[in-house]
Amino acid sequence: MLDFAIFAVTFLLALVGAVLYLYPVTAASGPGASRQASGIPGFTPTEEKDGNLPDIVNSGSLHEFLVNLHERYGPVASFWFGRRLVVSLGTADVLKQHFNPNKTSDPFETMLKSLLGYHSGGGSVSEDHMRRKLYGNAMTAALQSNFPLLVKLSEELLDKWLSYPETQHVPLSQHVLGFALKSVTRLALGSTFEEEQEVIHFQKIHGTVWSEIGKGFLDGSLDKNATRKKQYEDALMQLESILKKIIKERKGRNFGQHIFIDFLMQGNLNEQQILEDSMIFSLAGCIITAKLCTWAICFLTTSEEVQKKLYKEIDQVFGKGPITSEKTEQLRYCQQVLCETVRTARLTPVCARLQDIEGKTLVLYALGVVLQDPSTWPSPHKFDPDRFADESVMKVFSSLGFSGTWECPELRFAYTVATVLVSVLVRRLHLLAVEGQVFEMKYELVTSSREEAWITVSKRH
């Protein structure tokens, strides 16, 4: 796995706040403090106190700010957050120089756990490595054991769409988020979430917690709003209560359905560690899955040729038979579609770590910039899954942590779920764009559509 976890933030304040909270450093200060970026080209501070924060706010998002930064100053560029130097890396070649395959820490997981108030980590390198390995293996095992359930949930969404008139607009983001929540809760938490009302309740409290992560919790607005803070704390307490109850119920018992929590309990983890890992999967796994599935369907509606080619592959692999785990591995073009979806949507546009540059300096990996670099991706704004037929292109993509052995477990889960859903849908439906619909991107922790993404569907004959 890469020496960083793939994550993004809407506001630099949240990102820097989290990293500096986890890894306190001494900032330059006072009249004699150096404001030179070690010879690295970049923006000078707009304001003495805030650095380039006003420029980031004016750009609309950190990703959009970094696009401008690298266009002006090249692949390695700098800017300032207050009095702290930030270095951004914006090409695949530069990122390769900073890749450490032996690094076992996961900053995304550490950041989320710190925001949630979890501090059970911090063991030896070997202990942390074994815990991360158990987490990934538990996710893989849950997928393998519950693959028919994924097919069933996908077919439920298909049946819902088949019941609509062909002219009816389908709220894609809303429906796919519900599907992703069902998938994650059933595979992670089990039969508790067979009832629709349980899923709806979980979705409500899940949304309250997720909306504050990387936002109000770190920019101070949460503490200034007593109502919001109480809602967040109550929702987090409810999530923990649900997870603790399920862990207690399943401990030492044998169930017909083996889920993520069961596989975690087979390892040498205490109850707090099981709670934490279940929470991370429930939060991050759901959002990454929902956005990957949503963007894949969005892009398919805009390219009839890609959809035809995907349908042909699905038909050749499955015929009139069932969708099985073994056969999905033969869907090479579908894999290309999903990889191109991650790239085109800039699914996770920024990640970060600390590096010694005249002391601890925050280093950003501008993945959104890298994924649109024309020197690596010809016609970068074009949705073109065929580019991933080239093994060298896939190798670059893997080196960024988006596929292969270094991809994060949540993304691996999302790829599998998206493969099943897309196969079920495209097998029976034409996915169509709504006339005049523009899918505008909102760059947050995970890139989403700024407005609801509407589509229509028609039956294949």
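The values are calculated or read from the model by the stated rules, or taken from the named source; none is laboratory data. All of these numbers come straight from a predicted model, not from anything done at the bench. Because the Cβ atoms are built from the backbone with ideal geometry, glycine has one as well, and the counts that use them run over all protein chains shown. Only protein heavy atoms, including side chains, enter the accessible area calculation; ligands, DNA and RNA are left aside. Shrake-Rupley method; radii C 1.70, N 1.55, O 1.52, S 1.80 Å.
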Potential extension, N68-S145 segment - 0.36 nm per residue separation minus Cα distance
23.1 nm
If you plug each phi of segment 145-155 into the Karplus form 6.51 cos²θ - 1.76 cosθ + 1.60 with θ = phi - 60°, what whole-Hz ³J(HN,Hα) values come out, in order, with x for Gly and Pro?
6, 10, 4, x, 5, 4, 4, 4, 5, 5, 5
What would the Debye formula give as log10 I(q)/I(0) at q = 0.11, 0.20, 0.23 Å⁻¹ for the alpha-carbon point model of segment 384-461, no solvent?
-0.45, -1.20, -1.21
Segment K230-K248, extension gain: residue separation times 0.36 nm, minus the distance between their alpha carbons
3.8 nm
Lys and Arg at +1, Asp and Glu at -1: neighbours of T376 with Cβ under 12 Å from its Cβ sum to +1
Using just the C-alpha positions of segment 262-419 as equal point scatterers, what log10 of I(q)/I(0) does the Debye formula give at each q in 0.14, 0.19, 0.21 1/Å?
-0.83, -1.26, -1.41
Judged on accessible area alone, 1.4 Å probe, highest first, H98, H169 line up as H169, H98
Whole Å is fine, so just give me how far the alpha carbon centre of segment 397-461 lies from that of segment 228-306.
19
Could you give the length gained on full extension between Q197 and S392, defined as 0.36 nm per residue of separation minus the Cα-Cα distance, in nm?
65.5 nm
Local electrostatic count, K245, Cβ distance below 13 Å [Lys/Arg +1, Asp/Glu -1]:
0
Where Rh is the Kirkwood radius over the Cα pairs of segment 365-404, the temperature 10 °C and the viscosity 1.306 mPa s, what D in µm²/s does Stokes-Einstein return?
151
If I model a spin label as a point 7 Å beyond the Cα along the Cα-Cβ vector, how far apart are those points for V57 and H461 in nm?
5.8
Taking a virtual spin label 7 Å from the Cα of S211 along the C-beta vector, which residues in segment 178-193 bring their backbone nitrogen under 17 Å of it?
178
On a 1.4 Å probe surface of the protein chains, which of F439, F202 comes out largest in accessible area, and what is the full order?
F439, F202
Where in segment 60-102 is the amide nitrogen less than 18 Å from a point lying 7 Å along the Cα-to-Cβ axis of E440?
60-65
Tell me which residues come under 5 Å, amide H to amide H, from G42 once H is placed; ignore anything under 5 positions away on its chain.
S78
Just to make sure I understand: if all protein chains stay in place, what is the order of S449, S163, S278 by accessible area at 1.4 Å, largest first?
S163, S449, S278
